[in-house]
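Report on one structure; see the data block that follows.
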Amino acid sequence: MRTDTGQVFKLEDYRPSDYLIPRTSLDFRLSPDATRVTAVLTVERREGVAASAPLVLDGDGLTLLGVAIDGQPLSQADYQATPDQLTILAPAKQRFELRLETEIAPSSNEALMGLYRSNNVYCTQCEAEGFRRITYFLDRPDILSVYTVRIEAPHNEAPLLLSNGNPVENGVLADGRHYAVWHDPFPKPSYLFALVAGALGKVADSFTTMSGREVALGIYVEPGKERLAGYAMDALKRSMKWDEDAFGREYDLDVFNIVAVSDFNMGAMENKGLNIFNDKYVLADEETATDADFANIEAIIAHEYFHNWTGNRITCRDWFQLCLKEGLTVYRDHEFSADQRSRAVKRIAEVRTLRAHQFPEDQGPLAHPVRPRRYREINNFYTATVYEKGSEVVRMIRTILGPELFRAGMDLYFERHDGEAATIEDFLKVFEDVSGRDLAQFALWYHQAGTPNLTVSSSYNAAARAFTLEIEQSVPPTPSESRKRLMHIPLAFGLVGAGGKPVAWETVDGATVEDGVIHVRKRRHTVRFSGVSERPSVSLNRGFSAPITLSAQQRADDQFFLASHDGDSFSRWQAFNTLLTDALIAAFRHVLGGKEPAFAARLAELAGRIAVDEALEPAYRALALSLPGEADIARDIGKGIDPDAIFAAREMLARTIAAANREVFSALYDSLADKGPFTPDAASAGRRALRNILLDYLSLLPEGAALAARHFNAATNMTDRAAALTVLAHRHASSREAEEALAAFEARYRGDALVLDKWFQIQAGVPGRQTVEKVRALMQHPAFSIANPNRVRSLIGTFSSANQTGFHRADGQGYRFFAETVLEVEKRNPQVAARLATAMRSWRSLETVRQDKARQALLQIANAENLSADLRDIVERTLA
Ligand SMILES: [Zn+2]
């Protein structure tokens, strides 16, 4: 493991390397403890670089066994080798062949970066800097090389040998060994290199591209699990078709392979022609996967596939440009899911995710721009800001340009930069070129951290028939950026009149307004609409056109009106959600001694009407009825957070809604019971989601535990089973029903690690102070392994990032357990430990007693010896 060198990498320090590696040939002799890697690199000195310039290659924990140039072994005086670097002092030749031999031990690689073994399968993860754990290389994304890979292994150990590109040769050798050769004609950076070898089952299919080429598709899984890969294969074919239809992008190799492995740091990886997946994002059937799992599989299969153009054919110049591939590809997978499912429902879910994960990042010590300017450890920048906010920025470009010019810009991007390592400036330039617009102010969305806020108030003058909006923007300070510049914020809006009809106006001044969007560019705008015949309610940030917070001085009556009548379905949901949030904050103040909240009864009545509104999709109704989470409420309150009081406030509102709608909810619950065989489609999933949220409410009423137990026992799919188990464990923790259901679930899925993750997760999320001891005990469960990232995330990750009352125990026991466990995980896997540690990012918003305990736990981690670069970076920034 690399310990921290303290080095800070800065965007302004970027310079091209002195040498290029146009061709890379790799030969692997696989063995669990001693894999021999021979790399033959065609190296070229860049024009204008002095002949005396040394060639400095990156390594990470490597042992060099041999080095030669053009067949001549180098003498000790010609190079310097350390585990982390190989320097050829003066190669002298302009072009030469460098031959390197290294030896690595995949079986003891628990960091899961580079080449490692998972369940007896060899696999790789090279993004961001894992390739340097395989051989010395210019391990940076702007070094594009054409790879040929030969893999050799005993046939019985690894009957399957895969790498990037197309298969070109294979054969049998002496002593039961065999080999395969792969060639990838597309130049690629080293982070996209991949190798898989082992005994795996295969699901085969094919896809004919728009120009009529046949592509062989393969999904490889643990033998015996082939039937669980059908949904993933279907999602892959739909993704390939969609990218042709929506972006004109065709697949380019003869084969496309996906491999599912059980030990994986991330969700999945887009290696050229050979995607490697965390098996939880491939394997699914109704018995083992929830509807949310199906939707995730579809989205992640699509995301990795879409990278073939946005990431692989056009890659990033350096890691500061990570959002160039990630933000754009997340935007593309969101659009895909919106087209495959329901656009309104998908948009609400995206915004909930953005607010839950990115907004706290922006508001805390780990805030950074979508394109960061500096980093100590790039692994820590695979963040919600780079991914989710990065996607929102692309969406805003489309909003500003309109769909036709946006598509023209994307076409130009593909045409102009195919085969290159590009930058955000390159990306923005194509949209300026196709539209003639100046995006300089807009570009601040990439360069400036923090969530902008708009304060909006409105007034209507009936006599003058004038409606006026006063808009003021501000961007809060973030670490190392105290002064902010004004942003270009595309604010979609609508004026809503009686019965929900749009209200027309004759002229508007005070800001550019086009296609239902106000372009906010200054600190203050007074936007005057004239010729307005009735007093409208204003619907703001429709479709969440900009990732901002809104402080709108709007009357509760207007919010209630919009929650029932807004023609924009996102804004309608938003209006109701704002009412819920306001009620929850009022209830929170009441718990701490304030006055009784005012409009809870009116809100409960509206909830009942939304629940049975047949004009709304069931999935939409389910989202509307699910209360803002405890962390969301905390974020909106801002400071002095007492998680116990927030929990109590949320329970109070939930009970009010449940009690007021008992009959309505019961009848609807009964009518939604699944009839006929299970299908994972969006409409069926929506009905299940609505029924399960109703169960959640009804479980708060007398006989709630019995109802949930019946739901659990009658369940014919994982969605219903897991929902009922959650209700029992979280709402009726000490009941006999909960105990029995937990035991039954464990017995039924013993031996299926992925499903038991749900069992760990549900128990780690049980609210209250007793859960920390339960989590400690579950770490001793035979199915738990601290070396497996999925197990760690299910149990420790859920407890620390999703259990507000358990983790933030006032006596600090939750934090103490957390600090110990993070350090334990770190010994094996620094990346996973660093990710876990981000659970502490909002510690300064806690009330003082908890704040103090949280600081102590952070210091305990910071003071540990030999901390990895990954963990030290997160902890020090969190404490700063
Ligand atoms: Zn990605």
field: Whichever lysines have a C-alpha closer than 22 Å to that of LYS346, once near sequence neighbours (fewer than 8 apart) are set aside
entry: LYS237, LYS241, LYS280, LYS325, LYS389
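Place the peptides 38-48, 193-203, 345-355 in order of packing, highest mean first, counting for every residue the other Cβ atoms within 10 Å and averaging per peptide. Don't jump to the answer; show the numbers that get you there.
Values: 38-48: 15.6, 193-203: 22.2, 345-355: 19.9.
In descending order of packing, they fall as 193-203, 345-355, 38-48.
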message: What are the ³J(HN,Hα) couplings of segment 58-69, residue after residue, when phi is run through the Karplus curve with 6.51, -1.76, 1.60 and θ = phi - 60°? Round to Hz, x for glycine and proline.
response: 7, x, 8, x, 8, 10, 8, 9, x, 8, 9, 10
query: So, in Å, what gap is there between the alpha-carbon centers of segment 392-433 and segment 339-366?
result: 23
Förster radius 56 Å - calculated FRET efficiency between GLN85 and THR455, Cβ distance, rounded to 0.05: 0.60
message: Quick check on the chain: of the DSSP beta bridges with both residues there, what percent are antiparallel, nearest 5%?
response: 80
CYS316 long-range amide H proximity, modeled H, under 5 Å: ALA422
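Compactness ratio of segment 307-453: Cα Rg over 2.2 N^0.38 Å, N = residue count? Numbers along the way, then the final one.
Details: Rg = 14.8 Å, N = 147, 2.2 N^0.38 = 14.7 Å.
Segment 307-453 yields a ratio of 1.01.
Give me the percent relative contact order of segment 98-219, please, defined on Cα pairs under 8 angstrom at least 6 residues apart. Write down the numbers at each step before the final one.
Working: 231 pairs, mean separation 29.9, N = 122.
About 25 percent, as a whole number.
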- prompt: Along the positive direction of the dipole of the chain (beta-carbon charges: Lys, Arg +1; Asp, Glu -1; about the Cα centre), which of LEU138, SER108, LEU756 reaches farthest?
  reply: LEU756
message: Ranking request for peptides 288-300, 658-670: highest mean number of other beta-carbon atoms within 10 Å first, then the rest in descending order.
response: 288-300, 658-670
query: Pulled fully out, how much extra length does the chain show between LYS675 and GLU773, if you take 0.36 nm times their separation in residues and subtract their Cα-Cα distance?
result: 31.2 nm
- prompt: How big is the gap, in Å, between the Cα center of segment 736-813 and the Cα center of segment 561-612?
  reply: 32
- prompt: Applying the Karplus parametrisation 6.51 cos²θ - 1.76 cosθ + 1.60 with θ = phi - 60° to the phi angles of segment 457-465, what ³J(HN,Hα) value in whole Hz is obtained for each residue in order, glycine and proline being reported as x?
  reply: 10, 9, 8, 10, 10, 5, 5, 8, 6
query: Can you list the residues, at least 5 places off or on another chain, whose amide H is less than 5 Å from the amide H of ARG249, using H built in the peptide plane?
result: GLU244
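Kirkwood Rh over alpha-carbon pairs of segment 144-256, then Stokes-Einstein at 4 °C and 1.567 mPa s: what D in µm² s⁻¹, rounded to an integer?
On the way: Rh = 15.6 Å.
The calculation lands on 83 µm²/s.
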statement: Note, segment 543-559: 3J(HN,Hα) by Karplus (6.51, -1.76, 1.60, θ = phi - 60°), whole Hz, Gly/Pro = x, goes x, 6, 5, 9, x, 10, 9, 10, 10, 9, 7, 10, 5, 4, 4, 5, 4
query: Solvent-accessible area per residue for the chain at a 1.4 Å probe radius, Å²?
result: 38
- prompt: Which residues' amide hydrogens lie under 5 Å from the amide hydrogen of HIS155, considering only partners 5 or more residues apart or on another chain, with H built in the peptide plane?
  reply: ARG177, HIS178
- request: Grab the DSSP H runs of the chain that are 4 residues or longer, score each as -39,500 (n - 2.57), total them, divide by all residues and round the 222 nm result to the nearest 500 deg cm²/dmol.
  value: -12000 deg cm²/dmol
Furthest towards positive pole of dipole, ILE424, ASN453, HIS488, structure part segment 412-496, Cβ charges: ASN453
task: Report the GluC sites (Glu not before Pro) located in segment 782-880 that are in a DSSP loop and have at most 13 other Cβ atoms inside 10 Å of their Cβ, or state none.
output: GLU865
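According to the Cα gyration tensor, what semi-axes, each the square root of 5 times an eigenvalue, does the equivalent ellipsoid of segment 540-679 have, listed from largest to smallest in whole Å?
Details: eigenvalues 132, 79, 43 Å².
Values for segment 540-679, descending: 26, 20, 15 Å.
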- request: Taking the Cα atoms of the chain, report the difference between the largest and smallest coordinate on each principal axis, in whole Å and largest first.
  value: 89, 65, 58
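Take the solvent-accessible surface of the protein heavy atoms, probe 1.4 Å, and return the percent of it on the chain that carbon and sulfur atoms account for. Provide the component values of the computation, followed by the final result.
Values: 16310 of 33190 Å².
Ligands and nucleic acids excluded, carbon and sulfur reach 49 percent.
The values are calculated or read from the model by the stated rules, or taken from the named source; none is laboratory data. All values reported here derive from a predicted model rather than from experimental measurement. Reconstructed Cβ throughout: ideal geometry from the backbone, glycine too, with neighbour counts over all protein chains shown. Side chains included, ligands, DNA and RNA excluded: accessible areas come from the protein's heavy atoms. Shrake-Rupley method; radii C 1.70, N 1.55, O 1.52, S 1.80 Å.
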